[in-house]
Amino acid sequence: MLSVSLDFETFSEIDIKRCGAHVYAAHPSTEPLCLAWAMEDDEPELWLPGQPIPPDLRDALAHPEAWVFRAHNAQFERLIWREIMVKRYGWPEIPLERWRCNMAACAYRALPLGLDDAGDALGLTIQKDKRGKDLIRKLCQPRKPTKADPSARCRDPQLLQELYAYCLQDVRAEQALHDVVGDLPPAELEIWQVDQIINDAGVQLDTALIANAMLVSAELSARYDAEMARFTGGAVTSCTQTKALAEWGDFYEGVSKEAIENRLSFEQNPVRRAALELRQLAGRSSIAKLERLIDWCGDDNRVRGMLQYHGATTGRWAGRGPQPQNMPRPKPGYAMPDLLAQCSAAELGLLTDDVLEVVASSLRGAYIPAAGCELGWADFSAIEARVVLWLAEQDDALEIFKRGDCIYCEMATSIYGYPVKKGMPERQDGKTIILGCGFGMGAAKFQDTANKGLRADGRPEISLETAQERVTGYRERFAMVPRLWRGLEDAARKAIQNPDTVCRYGKIAYCFNSAENFLRCRLPSGRYLHYYAPRLEQPDEDWKRPEIRYWAVKQVDGGAKVWTEVRSYGGLLTENVVQAIARDLMVAAILRIRRKFGPSGLHIILTVHDEVIYEYPIGAIDPKAIEATMAETPKWAPGCPVAAEASRGFRYGK
């Protein structure tokens with residue numbers, strides 16, 4: 001297929017980073033400043049408002065059998081085209097199946113998502129104009145009026161010419177990037193299209209609940225701020241003043257969530273404990289999430305665009321905006337969305353000792369179905385534990401799943417030496433081991449992970465010696481799993497040492513494509529994971545084997561993401577392929593659900609981790625039918641013991 005590359009520059013009174021692309025494109029103040037476009041590898045041309053649609057563009061639009069339309073982050077260009085160029089300018093529509101996305105292709109290959117960042121990573125000679133951010137700040141958003149220029153918008157002709165040149169250069173950079181990264185494989189293109197359909201559908205929001213939750217949170221926050229000022233003698237006047245709080249209390253480790261939990265485990269001073277507990281109460285991310293949900297909510301009370309295709313290098317979706325992937329997990333007894341929608345803070349305080357926990361625990365309940373519909377949600381059961389044992393060919397463990405027994409109870413029983421059943425606290429210990437030890441976690445990390453959960457449950461912490469016993473117990477009980485770690489690491493290392501040679505271990509194959517400079521990992525589904533610029537490094541003379549290193553996007557302290565060289569090892573490679581296989585199982589399930597239940601009016605509206613969320617006409621679909629469809633095993637995963645559990649209701653829950 002031939003392709004047209006597109007890039008819009010737009011002005012709006014609202015901030016796209018604050019409200020998301022769907023709200024931004026539909027806002028009446030949003031307008032195009034210019035459109036740069038290029039046919040195939042031709043030099044890009046420019047369209048400006050007031051001009052007719054370019055003849056070449058019109059011709060390409062009229063020939064769907066020959067032309068597709070390409071952009072970097074095509075969701076933005078697609079929405080601007082649909083909401084503005086079609087509805088206001090009368091241009092022809094471009095169906096979803098005719099769009100292609102360079103950013104999605106970068107995500108598939110584990111490259112940086114930004115056009116400039118991807119170009120830098122690949123060392124492209126034609127790249128994005130670095131002046132863009134300054135031009136966008138000046139021309140694409142309102143400015144503060146001054147006495148010299150009281151207008152709220154910059155229309156400087158010289159700056160506009162520079163913006164036009166910037167837009168043209170963006171298309172050149174997109175062309176150069178596409179020449180290197182190419183297109184998504186057909187199977188992944190279908191998933192990207194489904195991702196766009198899900199994002200366009202969005203989730204219905206109970207705006208009354210959110211509005212009242214914001215009032216309750218504001219009232220409580222003001223109360224907590226006053227108490228913080230009293231406890232600290234005025235040194236800290238708001239619970240959000242984390243730097244001031246750390247300085248006042250000499251909390252050298254900071255006042256992050258983890259740091260506060262650690263400090264409270266030994267802090268004896270009652271005043272300092274009280275200040276930390278106030279910060280703990282008021283610092284919940286759920287409070288900020290309330291405003292984010294409202295900002296991203298459209299006029300029809302639906303929140304759209306919350307998913308990022310291939311947001312993780314393993315292929316799993318990531319959250320955007322209100323971040324549905326990290327919604328607070330409801331605390332037992334605190335989820336009461338119906339009451340939160342109508343009660344004041346004082347009224348809720350008569351029912352509970354922690355009203356902000358009610359807000360956090362009820363947040364999922366703000367997702368509701370459209371009129372005449374109900375919500376359904378279904379998630380895989382212990383999918384990573386099942387996949388890692390299936391991949392390792394630990395047959396005795398697979399039999400546990402096939403019998404319908406609980407592997408967490410099985411693990412706990414082997415540790416404690418007596419039968420552990422569901423409902424017993426020891427089962428949670430078995431779960432922590434199964435979920436924590438499948439990817440090579442050592443004793444110290446396991447101790448830290450286990451103790452966080454134990455503290456939250458009010459149970460005694462474990463020693464490093466006990467942690468080592470449990471790690472060893474897992475590795476002995478499931479001896480094929482450590483063999484899997486070593487096997488994958490050896491196969492990846494051999495592939496790097498022998499370019500363009502396929503090196504296998506079990507169901508996984510690695511090959512270093514030297515021409516593209518990617519180590520590719522072939523999954524059972526046929527999909528590939530990508531590792532850019534791989535190499536082997538001997539850290540020192542005492543190190544037994546050279547380390548595997550490659551370039552990737554990594555999140556550093558403070559939350560920033562950087563393109564840097566990282567190291568890998570058997571446990572991490574195992575985690576990569578297990579999470580990737582779990583994602584492929586989810587994708588296969590989503591496609592089956594759409595095909596089977598779409599005719600009954602079902603629409604998938606979100607996917608969160610190993611869960612799919614959908615809405616459908618009331619009573620039209622039996623959750624058991626969804627469970628059976630989710631649990632079907634694709635042809636490429638014979639013997640993988642997939643299981644799922646489905647629920648339904650008029651509010652999303654867990």
Residues with amide H under 5 Å from that of Ser381, placed H, sequence gap 5 or more: Ala643, Ala644, Glu645
Cβ-placed point charges (K, R +1; D, E -1), dipole of segment 574-633 about Cα centre in debye, nearest 20: 280 debye
Contour excess over end-to-end distance, with Cα ends at Thr633 and Gln538 and 0.36 nm allotted per residue: 30.1 nm
Cα-based shape type of segment 252-371, given that a ≥ b ≥ c are square roots of the gyration tensor eigenvalues and the cut on a/c is 1.5: oblate
Cross-link partners of Lys635 among lysines (Cα-Cα below 20 Å; sequence separation of 8 or more within a chain): Lys402, Lys507, Lys596
Lys/Arg +1, Asp/Glu -1 at C-beta; segment 101-185 dipole; positive extreme among Gln141, Cys106, Ile126: Gln141
Segment 302-439: C-alpha gyration tensor shape, a/c 1.5 cut-off, then a/b vs b/c: oblate
The chain - mean residue ellipticity at 222 nm from DSSP helices (-39,500 (n - 2.57) per run, n ≥ 4, rounded to 500): -13500 deg cm²/dmol
Pairs from Lys331/Lys624; Lys289/Lys422; Lys128/Lys561; Lys494/Lys544; Lys431/Lys654; Lys17/Lys243 whose Cα-Cα separation, in the structure shown, is over 23 Å: Lys331/Lys624; Lys289/Lys422; Lys17/Lys243
Cβ-placed point charges (K, R +1; D, E -1), dipole of segment 156-242 about Cα centre in debye, nearest 20: 640 debye
Extension gain, His63 back to Trp563 (0.36 nm per residue minus Cα-Cα distance, nm): 176.0 nm
Filtered trypsin sites (Lys or Arg not before Pro), segment 348-438: DSSP coil and at most 13 other beta carbons within 10 Å: Lys421, Lys422
Cα centroid separation, segment 387-463 to segment 140-194 (Å): 50 Å
Given charges at Cβ of Lys, Arg, Asp, Glu: the chain dipole, positive-most of Pro369, Phe446, Ala21: Phe446
Efficiency of FRET from Cβ geometry, Glu43 and Ala625, R₀ 60 Å, rounded to 0.05: 0.65
Shape of segment 403-459, Cα gyration tensor, a/c cut at 1.5: oblate
Largest to smallest accessible area among Arg504, Arg470 [probe 1.4 Å]: Arg504, Arg470
Low-density loop cleavage sites - trypsin sites (Lys or Arg not before Pro) in segment 605-649, where at most 10 other Cβ are within 10 Å (DSSP): Lys635
Sparse-neighbourhood loop sites, trypsin sites (Lys or Arg not before Pro) in segment 519-588 - DSSP loop, at most 13 other Cβ within 10 angstrom: Lys544
Full-stretch length increase - Thr237, Lys138 - with 0.36 nm per residue and alpha-carbon distance subtracted: 32.1 nm
Å² of accessible area per residue within the chain, as computed with a 1.4 Å probe and no ligands counted: 45 Å²
Residues whose placed amide H lies under 5 Å from that of Asp7, excluding near-sequence neighbours: Ala36
Using θ = phi - 60° and Karplus 6.51 cos²θ - 1.76 cosθ + 1.60, couplings along segment 567-580 (whole Hz; Gly, Pro as x): 10, 9, 7, x, x, 6, 4, 5, 4, 4, 6, 5, 5, 5
Cα centroid separation, segment 209-248 to segment 20-67 (Å): 48 Å
Set of lysines with alpha-carbon distance to Lys147 below 19 Å, sequence-local pairs under 8 removed: Lys138
Total charge dipole magnitude, the chain, about the Cα centre, Cβ charges on Lys, Arg, Asp, Glu only, Debye to nearest 20: 780 debye
Furthest towards positive pole of dipole, Ala274, Ser3, Leu351, structure part the chain, Cβ charges: Leu351
log₁₀ of I(q)/I(0) at q = 0.14, 0.16, 0.18, 0.19 Å⁻¹ - segment 26-158, Debye sum with one point per alpha carbon: -0.82, -1.05, -1.26, -1.34
Table column - 3J(HN,Hα) (Hz), segment 14-30, Karplus curve with 6.51, -1.76, 1.60, x for Gly and Pro: 10, 9, 4, 5, 8, 10, x, 5, 5, 5, 4, 5, 7, 6, x, 7, 6
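The values are calculated or read from the model by the stated rules, or taken from the named source; none is laboratory data. As the structure is a computational prediction, the values presented were derived from the model and not from experiment. Cβ sites come from the backbone with ideal geometry, for glycine too, and all protein chains shown count toward neighbours. Remember, those area values only see protein heavy atoms, side chains included, never the ligands or the DNA or RNA. Shrake-Rupley method; radii C 1.70, N 1.55, O 1.52, S 1.80 Å.
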